[in-house]
1. Only one residue in 235, 257, 221, 207 is under 23 Å from residue 92 (Cα atoms), aliphatic (A, V, I, L, M) and open to solvent by 20 Å² or more (accessible area, probe 1.4 Å), so which one is that?
2. Considering segment 260-299 alone, what residues qualify as being closer than 28 Å to residue 230 by Cα and open to solvent by 40 Å² or more (accessible area, probe 1.4 Å)?
3. Can you pull out the residues in segment 90-143 that are open to solvent by less than 40 Å² (accessible area, probe 1.4 Å), farther than 30 Å from residue 393 by Cα and more than 14 Å from the ligand (Cβ to nearest atom)?
4. Condition first: more than 26 Å from the chain's Cα centre (by Cα) and either open to solvent by 70 Å² or more (accessible area, probe 1.4 Å) or within 16 Å of the ligand (Cβ to nearest atom) (or both). Can you find one or more residues in segment 75-87 that meet it?
5. If you go through segment 71-99, how many residues are of a type outside the set (Lys, Arg) and closer than 20 Å to residue 279 by Cβ?
6. Only one residue in 303, 236, 251 is farther than 22 Å from residue 401 by Cβ, at pLDDT 95 or above, within 16 Å of the ligand (Cβ to nearest atom) and out of contact with any His (no Cβ under 9 Å at 6 or more places or on another chain), so which one is that?
7. Suppose we filter segment 160-213 for residues that are within 16 Å of the ligand (Cβ to nearest atom) and assigned to a helix (DSSP H, G or I); how many remain?
8. Could you check, for segment 255-269, whether at least one of its residues is at pLDDT 95 or above, closer than 21 Å to residue 56 by Cα and assigned by TED's automatic domain parsing to the domain that holds residue 196?
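The values are calculated or read from the model by the stated rules, or taken from the named source; none is laboratory data. Treat the numbers as computed from the prediction; the structure is a model and nothing was measured. Virtual Cβ from ideal backbone geometry, glycine too; neighbours counted across all protein chains shown. Quick note on the areas: whole protein, heavy atoms, side chains included, nothing else; ligands and nucleic acids left out. Shrake-Rupley method; radii C 1.70, N 1.55, O 1.52, S 1.80 Å.
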Amino acid sequence: MRYENTRAFAEALDHDDPLAGFRGQFNFPRDKQGRSPVYLCGNSLGLQPRLAVKFVQDELKNWKNYAVDGHFNSDRPWLSYHRLATAGFADLTGAKPSEVIAMNTLTVNLHLLMASFYRPTAERRKIVIEAGAFPSDQYAAASQIRIHGHDPASDLLEWKPRDGELHLRIDDLEQLLQREGDSVALLLLPGVQYYTGQVLDMQAICALGRRYGCRVGLDLAHAVGNVELSLNNWAPDFASWCTYKYLNAGPGAVAGAFVHEKHHSCDDFLQGWWGNKESSRFKMRPAFEPAEGAEAWQISNPPILSLAPVIASLQLFREAGFAALRDKSRMLTGFLRWLVAANFGDRLGIITPADAGGCQLSLVVNDKSVDAKAVFDALCELNVTGDWRNPNVIRVAPVPMYNSFTDVFEFGERMSVVLAT
Ligand SMILES: *Cc1c(COP(=O)(O)O)cnc(C)c1O
């Protein structure tokens, strides 16, 4: 694709964009003058789908009009409400419907899944995470090691980039496992590294885990709704993802979890009545009868009001089609990458690998005389929403669902202004 740095070029791409209509289905924030930002922060909190507003209101109405009967008799009965997310989650993650479940939030799910799949023994008790992992994942892994009576100082291992490099090499994970594999119980790794935007080779990670006898758990926070996933085929033991980033389901919305089908007869999990078979759940018997598949990991009845936007958002993903979203995403982020290199190549660097394939680019300021945080703050002043990650990265992520090529062009225009002053 050949790009040009003109508004006319960006507008022509928008004109030909088969997904352009989805932009109007989202609510953009507005400032006091009524102007919307150039919103490039879908990697952190996706915009609100209008359909989410409707779906939440529907459930408020159902609660009002049906009260307890809403469990069984409303349009979308609460008893089976979580299943409205099943097909959408399965599509986006390449899972079988029986392998996915909407429940809880991401870090909670990591803990619940580690309760099943992190079972340290004296010989095999370590967890591997990536260096610079998202803090919540670090805390989760370290605290799991501690509650099993071990010490994260020795048992939490890091897969690190080589000296002077920023990206993780799969060969280095293999070497780490050659050295330590016999003592490693679990690889807890991301699909897309949140800081650099590197898309990891999840298939290779899963294969290495199997080869060295370790369980594999994937954190798909920045991967779901962003890049292609094939979980049933890659076969991690478990995975989880939040839904408020690329999935646009709103702050603290219900997350997703995956348990590979090979574990569906496992009965080592923390139990609650919503993991009991629906057919016997209300018989109120003391003996637990597990639901089939990943549903057995569900514990409580789900928060319907936080699940409604997930259902709405998944409907939009189905309507848009993930293949079309990916095609647009490659062009959109390709345009951004080209623009940054062509206009600011001497001053801004992109630490996201060129073959990354996801929406996000992580930018760094190369010019030592310029304070990167000041650049970020000046961009905010010009009504560009990206996000800042310590110590020195500006993350920007045009998303194919609601961002336009003109958004990317505008980002370039405003960055020019910032760098000129
Ligand atoms: C966003 C994100 C989280 C957030 O965790 P919550 O439990 O949803 O608050 C955790 N881990 C990673 C890698 C993330 O990107």
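1. 207
2. 261, 262, 264, 265, 267, 268, 270, 271, 277, 290, 292, 299
3. 90, 94, 95, 99, 100, 101, 115, 116, 117, 118, 120, 126
4. yes
5. Summing the residues that are of a type outside the set (Lys, Arg) and closer than 20 Å to residue 279 by Cβ in segment 71-99 gives 13.
6. Answer to the check: 303.
7. So the count comes out to 2.
8. yes
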